[in-house]
Amino acid sequence: MLTLSSLFISAQTFNNRLHLSSPSSLFSGVVVVEDEYYVLGSKINIDSTSFNTTDLIARFDNQGNMIEEYSVGEDSQIRLASFPTLIHTDDNNIFYTADVVDTTAKVSLIKMDVTGNVVWETSYDNYYSSQGMQFVAGLGMVQDEENNLYTVNNAQHPSQYNNVILTKIDSLGNVLWEKPFGSSSKMDVATDLIKCNDGTICIATVRYDEDHSLDYFEYQTRLIKTDTTGATIWTYTSPLEQGQIGFIGGIAEADDGGFVINALYGYEQNIVNPRYMEWEKYIYKISSTGELLWELEIPSAWLSGTTQAWRMIKTQDNSGYVMVGTDLLYDGGQGPQTSISERGWLAKIDDDGTLLWTRKYTGVNSLRNYQVLYDVKETLDGGFVAVGYSDDDTADTLTLQAWIIKTDEYGCIVPGCHITNTENPDLPQIKTSIYPNPVSDILNIWYSDPNFDYRNPPRFKVTDISGHIREEFITNINDTTLMLSVRDLPAGSYFLTCSTTQKSIPFMVLH
């Protein structure tokens with residue numbers, strides 16, 4: 001007989017935050033190598049006199065335990081690997097790019113074997129560096145059948161417009177050519193790069209023109225398909241009548257040759273002067289000729305200028321597309337203290353644009369919680385691993401924690417979160433469930449209520465065996481995973497109580 005407990009036991013999920021021997025750290029990219037996860041990131045150390053950063057590769061087993069950490073960089077450099085450029089190749093090497101500043105600003109491309117040895121590192125300057133401008137960033141990378149690498153960067157011209165630069169590098173790290181794409185009158189920003197099924201290179205960009213003093217905004221998404229010589233084959237630009245569409249976080253090619261695009265839809269706000277744009281999660285599909293096939297908006301709790309859309313993948317079983325990002329959560333002053341959070345989100349859609357599920361991951365320990373997800377990959381068991389950073393400290397200093405989560409095939413950290421009373425009336429309604437138990441770091445709390453009312457949000461309390469309240473918080477978002485840090489709780493037995501059920505769930509903290 002299938003029971004809820006048996007469902008929980010079968011899942012392998014985790015939720016880990018790490019400082020990595022540094023005051024601040026972040027993860028930006030992830031690849032799956034056999035049954036392990038290699039993660040790209042940076043360590044950041046800021047004080048009153050210095051700013052030191054190094055890039056790193058962290059290696060995890062499938063239970064979320066970090067096996068090794070490989071750091072790259074010198075004390076004389078500032079290095080930041082903050083974009084999801086990490087790839088794993090068929091010859092069992094990994095490649096990534098990092099922004100490097102020593103005497104000049106440049107992009108560094110690193111080849112590393114899976115044991116952490118740097119095979120080679122090559123650097124290249126801003127495309128316009130000979131004219132005095134120093135603005136570069138590595139934003140995506142692919143490899144072709146001849147083991148050549150292609151990276152996409154942004155470079156600012158002395159006339160202040162921004163162009164997209166596609167660079168081709170051979171297998172030994174030699175730059176073969178650089179090709180600019182863009183306009184001399186507008187800003188063009190690259191966001192992703194994929195290799196298409198026909199072997200061509202596809203660049204995702206955003207073209208924008210804005211003047212806040214004139215309340216003027218114009219955002220368009222663009223796809224540029226090139227051959228392996230950098231010659232343009234096809235260009236798509238979203239029509240202005242489709243709306244303000246900006247900041248593509250990821251693209252994926254469909255089996256029919258079309259493209260699914262993880263982007264943001266803009267809404268002009270006139271509450272304050274000057275006006276500004278707020279963004280909503282927006283996914284749409286175009287045909288191979290650029291025809292709009294469908295569009296889907298995934299509503300956030302609050303429209304915000306900080307909403308982000310990042311990487312997207314096509315699942316191996318062709319059941320759909322999974323994407324990650326971040327949006328804003330505000331408790332409306334209904335909690336013990338008013339809080340504003342950025343929460344990570346993970347969603348899956350099918351090829352027809354139907355939303356299959358969406359998951360939100362929210363910190364609850366402080367008034368300012370930031371949970372940002374940049375990259376996602378499918379794991380061997382059909383689940384997903386996603387990475388980014390978490391910050392639940394209200395201090396003025398930068399205290400980011402590298403963040404990695406592993407979910408099941410439904411995006412659940414708490415196994416069974418997808419099971420609802422409407423799917424099987426014979427099962428008890430799962431309103432509040434926790435994982436793991438016992439816990440040593442993060443207690444994941446899944447909350448779902450078919451009669452949820454944000455005007456009367458559920459209140460949670462954590463009490464010790466003496467009845468003393470140790471934590472108290474609310475959620476004004478339904479169907480969400482609340483992330484409660486228990487690092488500061490002494491080891492022992494505790495109870496989690498939700499106001500809507502008045503039932504106490506016992507859990508144990510181990511350190």
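Rule-based calculations on the coordinates, nothing more; no lab input. What you are looking at is a predicted structure, and each value in this text was computed from that prediction instead of being measured. In this analysis, Cβ positions are derived from the backbone assuming ideal geometry, glycine residues included, and neighbour counts consider all displayed protein chains.
The simple spin-label model puts a point 7 Å past each Cα toward its Cβ; for residue 464 and residue 242 those points are separated by 5.7 nm. Debye-formula intensities of region 432-509, expressed as log10 I(q)/I(0) at q = 0.11, 0.12 Å⁻¹, are -0.26, -0.31 (one equal scatterer per alpha-carbon, no solvent).
Only DSSP H runs of four or more residues enter the estimate; each adds -39500 (n - 2.57), and after division by the residues of the chain the mean residue ellipticity at 222 nm equals -500 deg cm²/dmol. With 29 Å as the limit on Cα-Cα distance, the pairs of 281/377; 186/377; 225/314; 43/360; 179/348 that go past it are 186/377; 179/348.
Taking label points 7 Å from Cα along the Cα-to-Cβ direction, residue 440 and residue 455 give a separation of 4.7 nm. Across the chain, counting alpha-carbon atoms alone, Rg and Dmax equal 23.1, 72 Å. About the centre of its Cα atoms, the chain shows a dipole size close to 1080 debye [charges on the beta carbon of Lys, Arg (+1) and Asp, Glu (-1) only; nearest 20 debye]. Residues 298, 261, ranked from the fewest to the most other C-beta atoms within 10 Å, line up as 298, 261. Report for region 432-509 the percent antiparallel among DSSP-assigned beta bridges with both residues inside it, nearest 5. Within region 432-509, antiparallel bridges account for around 95 percent of the total.
Would you kindly state how much longer the chain becomes between residue 491 and residue 35 on full extension, computed as 0.36 nm times their sequence separation minus their alpha carbon distance, in nm to one decimal? Present the calculation step by step, with values, prior to reporting the outcome.
Values: separation 456, 0.36 × 456 = 164.16 nm, distance 3.21 nm.
Full extension of this stretch gives 160.9 nm more.
What you get for region 432-509, charging only the Cβ of Lys and Arg (+1) and of Asp and Glu (-1), is a dipole of about 120 debye around the Cα centre.
Using a cut-off of 10 Å between beta-carbons, work out the net charge of the residues near residue 105 (Lys and Arg +1, Asp and Glu -1, residue 105 not included). Please report the intermediate quantities before stating the final value.
On the way: positive: 106; negative: 99, 102, 125.
Its environment carries a net charge of -2.
Count the net charge of all other residues whose Cβ sits under 12 Å from the Cβ of residue 191, scoring Lys and Arg as +1 and Asp and Glu as -1.
On the way: positive: 207, 222, 311; negative: 188, 192.
My count for the surroundings of residue 191 gives +1.
Using 0.36 nm per residue and subtracting the Cα-Cα separation, the extra length available between residue 160 and residue 228 on full extension is 21.6 nm. Counting only Cα atoms, region 56-180 measures 50, 35, 22 Å along its principal axes, largest extent leading. Counting beta carbons within 10 Å around each of 380, 149 and listing the fewest first gives the order 380, 149. Taking the number of Cβ atoms within 10 Å of each Cβ as an exposure proxy, the fewest-first ranking of 120, 357 is 120, 357. Charge tally around residue 58: other residues with Cβ under 12 Å, Lys/Arg +1 each, Asp/Glu -1 each, net -3.
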